[in-house]
Amino acid sequence: MDRVNLIMSNSRQHYQELPEFDHDDEPSVLVHTAEAPRTRWNLIRDLDSFLKMVYEYHQRHGFTCIVAKEICETIRRIFMSIFPLFLLYGIDYPALFSYKVSDSNVSFSDLILPFDKMIQNFGLWTWMWIMMLIIVFIFFSIRSVLKVRYFYEIKQFYNTALKIEEADLDNYVWQDVQKKIIAAQSEFSMCVHKRELTELDIHHRILRQQNYFIAMVNKHLIPPRLNIPFLGDVLYWSIGFQLNLRFILFHFPWGAFKDSWHLRDEYRKATLKTDLANQLKLSIRLFAIGNLILCIPIFLWQFVYSYCYNSDFIVRKVPWEFATRNWSLYGKQYLRHFNELDHELDIRLNKAHKPASRYLELFFSPLNAIIAQTIQILVASTLMAFYVLTLIHEDILAIGNAVLIFTIASVIIIVCKSQMPKEHVPNSPDILLANVLVHTHYLHQEWQSKAHTAKVRTEFERLFQLRIQGIIEDLISPFMTPFLLFFYVAPKSKDIVDFFYNFTVSVTGVGDVCSFAVMDIRKHGNPDWHHKNVHDREVPTQFAQAEDGKVELSLLHFKHTNPNWQPPTEAQSFFHSIQDHENEIDDLMSVDSSLHQYTPRMQFSQNHQFMRENPIQTSEKEVSRGALYLHLLRSQHEQGRSIRIPPQENTPLLFNH
């Protein structure tokens, strides 16, 4: 994490020459006003890093929990470094495999080799692995100490500037903390170039890099799309690949940003784009070569990490939980609004998890279901007979390969069960997909009225993938990342330079941000996503328009999560149009029957149990209703026909073509 630099401005810089007085005038009284005392919170140079840590401090529940987490992570790193070596060299496997039940005098200590004998088995590669682990451990230990030190400064900021004690921290939601930060700006002048901070300023600084990634995904610049035999078009995006790309673009000396808040001056000059693209291409390929050299140790560490983490997952739950689904890294980026914080995204996607699972449970192969049901009955009957016999005589478990047979039979039953249709799931794919839309707010236009098709299911699985698929992607990431950087990202270096050149704006008191994150619907909006006559203003080009209504939906979400934020005039008109017309959704449904899958009326009436299990908060209802309205509006524009409101409604037409 970037170091937080707090600088104190020299008070002499604030002295001004006294004006000259005309001594012939009447004498006046000079009143000296003492300047506010300087504190360590005045004129924070790297306000981005500071606000990120303020946000992280709140989300991690204070200083005590942060220290405990760092200590526990250190213990886990030590364990993950030592335990694989112990498994390889510390166990007397010949004695273990020759052990029999009758040998009751054998203990675990007899199967563990002494430390000196274990070291004798170390080879050259093992010692190189140990040296690398020591270096990594020292690096992370120093990093943990520095993080704890910086977070102690943040603790002082909470206690002194925000007047929030650690014991009361969990009683404040982030919006409450944000209000106190805005109020503290007027007292401490944390921002150098702006007297007052707004909610959008704070989000810009915390999510500056994240907003660029959201925009790149929205404009299909990333992630890589690979055409793999027998699998077809595959989107690949792992954590390792994202970390490399983030470092190259934002932290590398030859990246796009010269510091955390300013774009390099060269990226503002069109004449230098070719040179910058060549420079960026070279940097990416050097990173690819470096990743290729380190791919083996990175893979080993990734394997150990996955083993330890998923072993805990198996013990806490059950092995077949690997067949459950979770939102993919690409899904989180695609479904994330501009200026949406991590906890806000997690809340939305967690609420969308159950309807997304129910939607995918609808799809099954009838032929596979028939065969799987037969196999399940045969294997389950045989397995049940073994269970009954073990209840009668428990020594049956000591028979050779008995445990192995039980395990294989259980796996077969689990696989067969996954191929059969789920019970108590309504066969209404459009309604279930609409339930997902309530929380995610995004839905491809081509999915409309096609929720039952295999094509939509395949595309939705890119957003909501199997847990085991994510584990495999992370395991192969050390080998895939060099390949993708060299053959996919490097050739797109010119597109990346063009992206930063065209979609970066300077905001007073904030610095350079992604222009999409400003949520200016005049510059990046799509006229299909709001009812205002497109001829009343200049329509953005398709190149400048955000895809899938990202700007409009992000603007709607940000306003509802930050109600005190004062949007610009154009955005206010957009909000007024939604407030004036979103109550007419039911009327729109009666006119256009092809959009019934989006209606909240059907969703609430035909899926009462789901709504009782997943209650929607008032503010979320407003956002969801507005998102539904915008999708309806976009759909009508796509169909190229106007919506006629029934004559008894005293409301204007939604469209004026």
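The values are calculated or read from the model by the stated rules, or taken from the named source; none is laboratory data. None of these values were measured; they are calculated from a predicted model. Methodologically, a virtual Cβ is constructed for each residue, glycine included, from the backbone with ideal geometry; neighbour enumeration extends over all protein chains shown. These area figures cover heavy atoms from the full protein model, side chains too; ligands, DNA and RNA do not enter into them. Shrake-Rupley method; radii C 1.70, N 1.55, O 1.52, S 1.80 Å.
State whether the residues of the stretch 274-281 include one that is among the β-branched types (Val, Ile, Thr) and touching a helix residue (DSSP H, G or I) at 6+ places or on another chain (Cβ under 8 Å).
First, the residues of the stretch 274-281 that are among the β-branched types (Val, Ile, Thr): 274.
Imposing the further condition that a residue be touching a helix residue (DSSP H, G or I) at 6+ places or on another chain (Cβ under 8 Å) reduces the set to 274.
Yes, the stretch 274-281 contains a residue that is among the β-branched types (Val, Ile, Thr) and touching a helix residue (DSSP H, G or I) at 6+ places or on another chain (Cβ under 8 Å).
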Worksheet item: If the Cβ limit is 6 Å and pairs must be 6+ apart or interchain, which residue in the stretch 539-556 that is within 19 Å of LEU443 (Cα to Cα) and buried (at least 23 other Cβ atoms within 10 Å of the Cβ) pairs with which residue that is at pLDDT 90 or above and among the polar types (S, T, N, Q)?
Response: ALA546/ASN218; LYS550/ASN218
Worksheet, complete the sentence: The number of residues in the stretch 434-476 that are open to solvent by 40 Å² or more (accessible area, probe 1.4 Å), within 19 Å of ALA352 (Cβ to Cβ) and β-branched (Val, Ile, Thr) is 1
Worksheet item: Does the stretch 312-326 contain any residue that is of a type in the set (Phe, Trp, Tyr) and at pLDDT 90 or above?
Response: no
Worksheet, complete the sentence: Considering only helices (runs of 4 or more DSSP H) wholly within the stretch 435-554, the ones with at least 3 residues that are closer than 28 Å to LEU245 by Cα and not acidic (Asp, Glu) are 454-463, 467-484, 493-502
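Restricting to the stretch 222-248, what's the tally of residues that are closer than 30 Å to GLY525 by Cβ and either touching a helix residue (DSSP H, G or I) at 6+ places or on another chain (Cβ under 6 Å) or crowded, with 21+ Cβ neighbours inside 10 Å (or both)?
Looking only at the stretch 222-248, we keep the residues that are closer than 30 Å to GLY525 by Cβ, and these are 222-225, 233, 235, 237, 242, 245-246.
Then drop every residue that is not either touching a helix residue (DSSP H, G or I) at 6+ places or on another chain (Cβ under 6 Å) or crowded, with 21+ Cβ neighbours inside 10 Å (or both), which leaves 222-224, 235, 237, 245.
Adding up the residues that qualify gives 6.
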Discussion item. Taking the conditions exactly as written (at pLDDT below 75 and part of a helix (DSSP H, G or I)), does ASP346 satisfy them or not?
Written reply: no
Item to complete: Give the residues of the stretch 557-568 that are within 11 Å of ILE521 (Cβ to Cβ) and open to solvent by 60 Å² or more (accessible area, probe 1.4 Å), sorted by residue number.
Response: PRO568
Response to the item:
Those residues of the stretch 133-180 which are farther than 29 Å from ARG76 by Cβ and open to solvent by 40 Å² or more (accessible area, probe 1.4 Å) amount to THR160, LYS163, GLU165, ASP168, ASN171, TYR172, VAL173, GLN175, ASP176, LYS179, LYS180
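Kindly indicate the residue of the stretch 182-209 that is of a type in the set (A, V, I, L, M, F, W, C), closer than 22 Å to PRO568 by Cβ and part of a helix (DSSP H, G or I) and also most open to solvent (accessible area, probe 1.4 Å) among those meeting that condition. Give the steps one after another, and end with the answer.
Taking the stretch 182-209 and keeping what is of a type in the set (A, V, I, L, M, F, W, C), we get 182-184, 188, 190-192, 197, 200, 202, 206-207.
Still in the list and also closer than 22 Å to PRO568 by Cβ: 182, 191, 197, 200, 202, 206-207.
The next check asks that each one be part of a helix (DSSP H, G or I); those that pass are 182, 200, 202, 206.
Values: ILE182: 43, LEU200: 20, ILE202: 2, ILE206: 20 Å².
Across the stretch 182-209, the extreme among qualifying residues is ILE182.
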Worksheet entry | Cβ pairs under 7 Å, 6+ apart, first in the stretch 468-490 and farther than 16 Å from ARG225 by Cα, second modelled with pLDDT under 95 and β-branched (Val, Ile, Thr) | ASP474/ILE239; PRO478/ILE298
Response to the item:
Screening ILE248, ILE222, ILE214 for residues that are aliphatic (A, V, I, L, M) and assigned to a loop (DSSP other than H, G, I, E, B) leaves only ILE222
Worksheet entry | Close pairs from the stretch 348-368: first in contact (Cβ under 8 Å) with a residue 12 or more places away in the chain, partner loosely packed, with under 15 Cβ neighbours inside 10 Å, Cβ under 7 Å, at least 6 apart | ARG358/VAL425; GLU361/LYS422; GLU361/VAL425; LEU362/VAL425; LEU362/ASN427; PHE364/PRO421
Worksheet item: Cβ-Cβ below 8 Å, separation at least six or inter-chain, first residue in the stretch 260-279 and within 30 Å of ILE44 (Cα to Cα), second in a helix (DSSP H, G or I) and of a type in the set (Ser, Thr, Tyr): which pairs?
Response: SER260/SER49; TYR267/TYR501; ARG268/TYR501
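Could you tell me how many of the residues in the stretch 127-154 are under 30 Å from LYS180 (Cα atoms) and under 26 Å from the mean Cα position of the chain (by Cα)? Write out each step before concluding.
Of the residues in the stretch 127-154, the ones under 30 Å from LYS180 (Cα atoms) are 143-154.
In the following step, the residues that additionally are under 26 Å from the mean Cα position of the chain (by Cα) were identified as 143-144, 146-148, 150-151, 154.
The qualifying residues number 8.
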Response to the item:
Those residues of the stretch 363-395 which are closer than 30 Å to PRO429 by Cα and open to solvent by less than 80 Å² (accessible area, probe 1.4 Å) amount to PHE363, SER365, ASN368, ALA369, ALA372, THR374, ILE375, GLN376
